[in-house]
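Okay, so here's the structure we're looking at.
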Amino acid sequence: MRSESIWTRALEISRKAIDCGSVIPLETLKYKSNDVFSDYELRFLKSPIPKYLVEYGPKRNPFIPWDPKLEIQSINYNHTLILNKYPVQIGHMLLITNSWKPQNGWLDIDDFDAIKNVDDNTTGLWFFNSSKAAGASQPHRHFQLLPRRNHENICPRYEWFCSLLNNKKAMKSLISHCISIKPRNKIRDSSSNDLFNSYKSMIYEMNLGDMNLNTKPTKPYNLLITSEWMALITRKTERSSGFSINALGFAGYFLGTKISDVDSLIKFGPEKILKDVIENID
């Protein structure tokens, strides 16, 4: 049983950070689909769009140093857990490297050790955007976590990914050819090597290059990690039909703006949008 002390601390710090203006929650209106395998949530911002949603990286690195009002706690020696300044939900966390590491570089065992450290205490939906083309808002390495309670829905398309893991959806999907998915080790005290080995296996399977020869992955990609599975999605571009798509888009979370083709999303579902940002079938 996870103690969820990290999440509790994140909520406590969030309240203080909101009061002093260090955290600015995104006020949204929500639309929810009712189709299980094509499920999604569409949100519209009530307030102006923060620059981080429309620009790639600020002039100043916000993680060196990070805002101490956002700090939750240190994780191992190389990572720190902080709050997201513009959270999707209250308690939205960022796991950042203490020193500079590029977002578009290869992930390493230290990264997965830090993820596992947090995950043993507080879990939910982890996501990672490898570069601008995959929806990353900062070039400094960071992973994001949306915490979830036990038996709470992880994300709108969770069951879709489970069906893909069980090979029940692959032949019917417009996007499954660009997804590699691996089951998580169910043993609670499994090591971070399990996650890292799955990552390396997916890198090989999706032809992202050789970690020993290439300085960085040859394609942009997203990662989604839950307690049941880990998925890697290869990308070609960041936008489709007026939507900026990061890893959350594949999880079923869409953020609409005045230029988004919302009618197509509602009429045809998310895969029509998502297929335009992934690799084409050769």
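The values are calculated or read from the model by the stated rules, or taken from the named source; none is laboratory data. Worth saying up front: this structure is predicted, and the values here are computed from it rather than measured. Reconstructed Cβ throughout: ideal geometry from the backbone, glycine too, with neighbour counts over all protein chains shown.
Being modelled with pLDDT of 95 or more, surrounded by fewer than 16 Cβ atoms within 10 Å (Cβ to Cβ), in a loop (DSSP other than H, G, I, E, B) and of a type in the set (Gly, Ala, Ser) is the requirement here; does residue 99 meet it? So residue 99 passes the test.
Screening residue 210 on (1) over 17 Å from residue 130 (Cβ atoms); (2) free of Cβ contacts under 8 Å to residues at least 40 places away in the same chain shows it passes everything except condition (1). Those residues that are on the phi < 0 side of the Ramachandran plot and without any contact (Cβ under 8 Å) to a residue 40 or more places away in the chain, I need them from region 165-180; list them, please. 166, 168, 170, 171, 172, 176, listed by residue number. Residue 161 satisfies every condition listed in (1) touching a Cys at 6+ places or on another chain (Cβ under 9 Å); (2) closer than 25 Å to residue 22 by Cα; (3) not acidic (Asp, Glu) except (2). Restricting region 102-130 to residues that are in contact with a strand residue (DSSP E or B) (Cβ under 8 Å, 6 or more places away or on another chain) and of a type in the set (S, T, N, Q) leaves a set whose member that is surrounded by the fewest Cβ atoms within 10 Å (Cβ to Cβ) is 117. Do we have any residue at all in region 163-173 that's in a helix (DSSP H, G or I), surrounded by fewer than 18 Cβ atoms within 10 Å (Cβ to Cβ) and among the basic types (Lys, Arg)? There is at least one residue in region 163-173 that is in a helix (DSSP H, G or I), surrounded by fewer than 18 Cβ atoms within 10 Å (Cβ to Cβ) and among the basic types (Lys, Arg). Checked against (1) out of contact with any Asp or Glu (no Cβ under 9 Å at 6 or more places or on another chain); (2) part of a loop (DSSP other than H, G, I, E, B); (3) loosely packed, with under 12 Cβ neighbours inside 10 Å; (4) at pLDDT below 90, residue 29 passes all but condition (2). Please go through region 223-251 and give me each residue that is assigned to a loop (DSSP other than H, G, I, E, B) and surrounded by 22 or more Cβ atoms within 10 Å (Cβ to Cβ), ordered by number. Within region 223-251, 245, 246 meet the criteria. Candidates 198, 137, 190, 180: the one that is at pLDDT below 95 and either assigned to a strand (DSSP E or B) or within 22 Å of residue 116 (Cβ to Cβ) (or both) is 190. When residue 183 is tested against (1) more than 21 Å from residue 41 (Cβ to Cβ); (2) in contact (Cβ under 8 Å) with a residue 60 or more places away in the chain; (3) within 18 Å of the chain's Cα centre (by Cα); (4) surrounded by fewer than 17 Cβ atoms within 10 Å (Cβ to Cβ), only condition (2) is not met. When residue 204 is tested against (1) loosely packed, with under 15 Cβ neighbours inside 10 Å; (2) at pLDDT 90 or above; (3) not in a helix (DSSP H, G or I), just one condition goes unmet, and that condition is (3). Restricting region 252-282 to residues that are β-branched (Val, Ile, Thr) and part of a helix (DSSP H, G or I) leaves a set whose member that is farthest from residue 137 (Cα to Cα) is 266.
The residue list 234, 218, 257 contains one member that is over 16 Å from the mean Cα position of the chain (by Cα) and under 27 Å from residue 108 (Cα atoms), which is 218.
Just one of the numbered conditions (1) within 25 Å of residue 18 (Cα to Cα); (2) over 14 Å from the mean Cα position of the chain (by Cα) is not true of residue 87: (2). Taking only region 51-78 into account, find how many residues are within 17 Å of the chain's Cα centre (by Cα) and at pLDDT 95 or above. Residues flagged as within 17 Å of the chain's Cα centre (by Cα) and at pLDDT 95 or above within region 51-78 amount to 0. Within the set 43, 9, the sole residue that is among the charged types (D, E, K, R), modelled with pLDDT of 90 or more and under 25 Å from residue 122 (Cβ atoms) turns out to be 9.
Residue count for region 1-22, restricted to those that are assigned to a loop (DSSP other than H, G, I, E, B) and within 21 Å of residue 118 (Cα to Cα): 4.
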